[in-house]
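A.B. asks: My questions will all concern the structure given below.
Any read-out appearing in this document is the output of simple, stated calculations on the displayed coordinates, not a laboratory observation. Quantities reported herein were computed from a predicted structural model and do not represent experimental measurements. A quick note on method: Cβ atoms are made from the backbone with ideal geometry, for glycine too, and the neighbour counts reach across all protein chains shown.
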Amino acid sequence: MPALTITSSDDPRIADYRALTDVELRTKWEPPNGLFIAEGELVIQRALKAGYRMRSALVDERRADQLTGLPSDAPLYAATPPVLESITGFHVHRGILASFHRRDLMPLDELLSNARSIAVLEGLNTHTNLGALFRSAAALGIDAVVLSPNCADPLYRRAVRVSMGEVFAIPYAKPDDGWRHTLAAIREAGFTLLAMTPADDAVPLQSLTPAQRHRPALLLGAEGPGLTRQALQASDVRVSIPMHNGVDSLNVATAAAIAFWELSLQMYGIDGRPQ
């Protein structure tokens, strides 16, 4: 399909792409309208491979003839770099953006029945941390993610970009029927709730017994405040990563990656093969 030229940021055909750097505006626009934005060819191809349906694409006009593998039923719009910047609010240095239809989230009970290890995220509201955490989860064998209602959107453009599209590879649920109920449902499904905390009574992660590692649900809180009292009380075991040199904690995405790797040892072994 030939590209359709866009010459103005006011063109109604590219409404999906306006003001992409305005987090508050995009948060109010994207989920209610059932869309998300993917940036860069790699991320777009991963979204397509995961089965997301493309609404449209917006590309630097210099690259319009170089693109392959895009759906023929989604319009391709092309603009000069200055027009792209006036539309989006930033220099589109990856050369292409695409708008996709969202899909309904998996029900919590279905997600839990198909997983043997999960990450449970409470109040994570930084998109870069969320994207990095999803990438680590995909790489290190975590089967699914459960998000509290006040977590950031995993399909926000920055989270998708930082994850390198791995948000599409990990099923996730975001139940809205009460966080206490959600945590209880996870335990009732046979998971061991492991609360990550620097508290003095926390058990070093590497000291967990095989029984405590069985079907792990790793609870992670927001950068700074950490887990709420409610989440800590709901957990089965409080766990920590031993620190040195007076450092009390790690960035949540970094801590998650270390914990995912440690927990993967029982599930996959040293050589990475399923046990």
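A.B. asks: In segment 31-70, what trypsin sites (Lys or Arg not before Pro) fall in a loop by DSSP, with at most 16 other Cβ atoms inside 10 Å?
C.D. replies: Arg53
A.B. asks: Show that you can apply the helix-only estimate: for the chain, add -39,500 (n - 2.57) for every DSSP H stretch of four or more residues, divide by all residues, and state [θ] at 222 nm to the nearest 500.
C.D. replies: Computed mean residue ellipticity for the chain: -8500 deg cm²/dmol.
A.B. asks: Same structure again: Run the dipole for the chain about the Cα centre, Lys and Arg Cβ at +1, Asp and Glu Cβ at -1, nothing else charged, and hand back the magnitude in debye, nearest 20.
C.D. replies: So the magnitude is around 340 debye.
A.B. asks: With springs only between Cα atoms under 10 Å apart, run a GNM on the chain and tell me which of Asn129, Asn33, Asn245 wobbles the most.
C.D. replies: Asn245
A.B. asks: Does segment 4-101 come out rounded, prolate or oblate by the C-alpha gyration tensor, with a ≥ b ≥ c the root eigenvalues, rounded set by a/c under 1.5 and, if not, prolate when a/b is larger than b/c and oblate if not?
C.D. replies: Judged from the Cα gyration tensor, segment 4-101 comes out oblate (a/c at least 1.5, b/c at or above a/b).
A.B. asks: Show me the ranking of peptides 211-218, 199-206, 161-168 by mean Cβ neighbours inside 10 Å, starting with the highest.
C.D. replies: Highest to lowest by the protection proxy: 161-168, 211-218, 199-206.
A.B. asks: Rounded to the nearest 20 Debye, what is the dipole magnitude of segment 150-275 about its Cα centre when Lys and Arg each give +1 and Asp and Glu each give -1 at the C-beta?
C.D. replies: Dipole of segment 150-275, to the nearest 20 debye: 240 debye.
A.B. asks: Another question about this same structure. Going by average Cβ neighbours within 10 Å, how do the peptides 95-101, 223-229 rank, with the highest at the top?
C.D. replies: 95-101, 223-229
A.B. asks: Using the Cα centre of segment 170-214 as the reference point, and only Cβ charges (+1 on K/R, -1 on D/E), how large is the resulting charge dipole? Debye, rounded to the nearest 20.
C.D. replies: 140 debye
A.B. asks: When DSSP beta bridges are limited to those with both residues in the chain, what percentage is antiparallel, rounded to the nearest 5?
C.D. replies: 30 percent
A.B. asks: Here's another thing I want to ask about it. Could you please state, rounded to a whole Å, how far the C-alpha centre of segment 99-178 is from the C-alpha centre of segment 69-89?
C.D. replies: 27 Å
A.B. asks: Then there's this: Among Gly95, Ala132, Ser264, which residue has its Cα furthest toward the positive end of the charge dipole of the chain, with +1 on Lys/Arg Cβ and -1 on Asp/Glu Cβ?
C.D. replies: Ser264
A.B. asks: Would you work out which of Leu183, Ser9, Ser163 lies farthest towards the positive end of the dipole of the chain, given +1 charges on the beta-carbon of Lys and Arg and -1 on that of Asp and Glu, about the Cα centre?
C.D. replies: Working it through, the farthest residue towards the positive pole turns out to be Ser163.
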